[in-house]
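Working notes, beginning with the structure itself.
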Amino acid sequence: MRRGSQARATSYFVVAVVVAILLLVLGQALRFDAVRGVAATLFQPFQVTFASTGGGIRDFIGTITSIGDTQAENRRLRQQVADLQRQLTASDQLQVTDQQLRDMLGLRNDLKIQTVSAQVIGLDPEAMSQSMTISIGSGKGIKPGMSVLGQRGLVGRVTLVQPNSAQVRLVSDPSLPVNVELAKTHLGGTLKVRDNGLAVEMLGAPTDLKLDPGDILVTSGLGGNFPKGLPVAEISQFRYQPAQVTQVAQVAPLDDLNRLEYVMVDTDFVPN
Amino acid sequence: MSSWVAFPLIAILAAMQTSLVPAIAVGPARPQLLLVWIVCWAVVRGRGEALPWAIFGGLVLDLLSQMPPGSHLLALVVVTFLADLGHRVMQGSTELFAGAAVLAASILYGLVLAVVLLATQHPISLVDVVLRDLLPGALYNLVILVPVFFLQRKIDGRFPVSVIPEF
């Protein structure tokens with residue numbers, strides 16, 4: 001490269017850095033989300049194609065690595081486990097819900113939600129930003145703020161909607177805390193990313209607090225961002241800390257957030 | 001390489017980055033196709049050609065990502081510039097340098113993004129990001145560098161003169 005073109009490349013580098021910094025500072029003011037919406041619409045066909053190819057690759061790898069099991073059998077059993085998990089969660093809630101405030105029919109109605117299914121067509125390019133793109137948008141009645149469910153529970157929240165696609169912030173993203181409660185005791189807390197994983201923080205928990213691995217957390221409805229009663233995660237590890245005001249338990253999401261292929265959007269609940 | 005080919009290729013790589021890469025992730029390790037392609041091209045042909053790709057690719061990734069706008073653009077142009085600069089300063093084997101450049105660029109790229117997230121009030125742990133995301137991802141990038149470098153050397157040999165030499 002000649003000295004002149006080197007200098008020009010350097011000047012382009014400087015301009016690009018300045019533009020990047022301006023975008024970082026003024027991105028929201030410039031309504032960058034609107035541009036992202038247009039881009040998402042343009043890229044949607046490519047993402048659908050590549051996502052389908054990716055599903056094929058994933059199935060191929062799964063077929064090789066599984067011994068004796070077929071993919072179909074695996075999916076059927078997972079679905080069964082998911083159904084039983086939902087029934088168990090519903091049963092736990094029914095046992096502790098105040099009968100004077102909520103009758104059984106009301107609670108069942110809470111759990112029987114209207115959903116629209118969607119294919120996951122993209123994940124964020126960077127693992128440190130936990131979001132994904134799904135194959136349906138405003139054309140199917142999707143609105144920002146709607147809850148997104150995997151096979152077993154809540155996986156995220158719609159943040160941006162285009163006609164044929166939508167962006168979903170996953171519960172594993174640090175910027176999306178979820179108010180939750182234990183399904184069997186209704187003890188409240190906040191689901192957050194902490195120490196390289198998901199954790200639930202419970203302020204003012206009782207001194208006799210006992211949590212067992214597998215205890216289910218559901219959305220509490222506090223804050224109005226999510227409907228009440230959606231299964232979210234399960235306790236994986238907990239040790240009571242006597243000196244702490246806030247108790248923290250490690251939790252695991254009910255769905256593998258890195259391997260989502262299909263999700264459901266809860267169209268019943270749109271936060272204000 | 002003609003910009004009529006290069007820019008659509010970059011756009012396709014960005015789309016693959018968001019939709020195909022999750023399927024080939026190994027645990028937390030996710031390869032960064034676009035980063036590897038552009039840094040490798042910076043090593044093979046210099047920033048005169050790689051920098052426009054980095055600018056375009058960074059903007060496309062910013063459009064497809066939920067991260068703060070401008071973050072990918074900043075990270076990609078910085079690592080592309082440094083990859084080319086390092087290649088000019090160091091007198092070594094291109095193959096070896098490509099490996100070292102991709103490894104260093106992967107980590108630096110992730111660090112720039114992490115710093116941007118921290119600066120924009122996103123609660124992340126830098127140590128976690130490095131250990132959980134950057135190091136496994138950088139090693140994965142080294143693996144995909146092999147076919148990418150081979151392919152780019154072929155392209156370089158077949159199209160030795162750039163269509164956009166005066167950038």
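Values quoted throughout were computed directly from the atomic coordinates according to the rules given, and no laboratory measurement underlies them. In this text the structure is predicted, and so the values were computed from the model without any measurement. Cβ atoms come from the backbone with ideal geometry, glycine included; neighbour counts cover every protein chain shown.
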Subject >> segment A:181-233: relative contact order as a whole-number percent, Cα under 8 Å and 6+ apart >> reply: 31
Subject >> Shielding by partners - mean other protein chain Cβ count within 10 Å, residues of A:7-17 >> reply: 6
**OP:** At a temperature of 4 °C and a viscosity of 1.567 mPa s, determine how fast segment A:227-272 diffuses translationally according to Stokes-Einstein, using the Kirkwood radius over alpha-carbon pairs as Rh; express D in µm²/s, rounded to the nearest whole number.
**Re:** 94
**OP:** With an 8 Å cut-off on Cα pairs and a minimum separation of 6 or more residues, tell me the relative contact order of segment B:1-51 in percent.
**Re:** 25
Subject >> Overall form of segment B:46-135 per C-alpha gyration tensor (a/c, 1.5; a/b vs b/c) >> reply: oblate
**OP:** Quick one: order A:Phe46, B:Phe150, B:Phe7 by neighbouring beta-carbon count within 10 Å, fewest to most.
**Re:** B:Phe150, B:Phe7, A:Phe46
Subject >> Residue-wise HN-Hα coupling along segment A:250-262, computed from phi with Karplus coefficients 6.51, -1.76, 1.60 (Hz; x: Gly, Pro) >> reply: 6, 10, 10, x, 6, 10, 6, 5, 8, 10, 6, 10, 10
**OP:** Let me know the mean shielding of A:127-140 by other chains, meaning the per-residue number of their Cβ atoms within 10 Å of its Cβ.
**Re:** 4
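Kindly give the semi-axes, whole Å and largest first, of the ellipsoid equivalent to chain B, taking each as the square root of 5 times a Cα gyration tensor eigenvalue. Provide the component values of the computation, followed by the final result.
Details: eigenvalues 123, 59, 48 Å².
One finds semi-axes of 25, 17, 16 Å for chain B.
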Subject >> Karplus 3J(HN,Hα) series, Hz, for segment B:76-81 with 6.51 cos²θ - 1.76 cosθ + 1.60 (x for Gly, Pro) >> reply: 6, 6, 5, 5, 5, 4
Original post:
What are the residues whose amide H is under 5 Å from the amide H of A:Leu176, where those residues sit 5 or more places off or on another chain and H is modelled from the backbone?
Top reply: none
Subject >> segment B:104-146: equivalent-ellipsoid semi-axes (sqrt of 5 x gyration tensor eigenvalues, Cα, Å) >> reply: 22, 10, 6
**OP:** Could you pull the Rg and Dmax for the protein assembly as shown, using just the Cα atoms, both in Å?
**Re:** 23.7, 82
Subject >> Sorted by Cβ density within 10 Å, fewest first, the residues B:Val60, A:Val19, A:Val245, B:Val26 >> reply: A:Val245, B:Val26, A:Val19, B:Val60
Subject >> Exposure proxy order (Cβ contacts within 10 Å, fewest to most) of A:His186, B:His87 >> reply: A:His186, B:His87
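Stokes-Einstein at 4 °C, 1.567 mPa s, Kirkwood radius from Cα pairs: D for segment A:164-272 in µm² s⁻¹? Walk me through the numbers before you get to the answer.
Values: Rh = 14.6 Å.
Here the translational diffusion coefficient equals 88 µm²/s.
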Original post:
How many lysine pairs are close in the protein assembly as shown, with Cα atoms under 23 Å apart and the two 8 or more places apart or on different chains?
Top reply: 11
Subject >> Inter-chain Cβ neighbour average for residues A:39-49, partner chain, 10 Å >> reply: 4
Original post:
Which far-off residues, 5 or more places away or on another chain, put their amide H under 5 Å from the one on A:Leu149, with H placed in the peptide plane?
Top reply: A:Val155, A:Met264, A:Val265, A:Asp266
**OP:** Taking the Cβ of B:Gln66 as the centre, find all other residues whose Cβ is under 13 Å away and add up their charges (Lys, Arg: +1; Asp, Glu: -1).
**Re:** -2
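A:Asp83 to A:Gln244: FRET efficiency via 1/(1 + (r/R0)^6), r the Cβ-Cβ distance, R0 35 Å, to the nearest 0.05?
Numbers: r = 37 Å, r/R0 = 1.06.
So the FRET efficiency works out to roughly 0.40.
Could you give the Stokes-Einstein D for segment B:16-71 in µm² per second, using the C-alpha Kirkwood radius, 20 °C, 1.002 mPa s? Don't jump to the answer; show the numbers that get you there.
On the way: Rh = 12.3 Å.
In µm²/s, the coefficient is 175.
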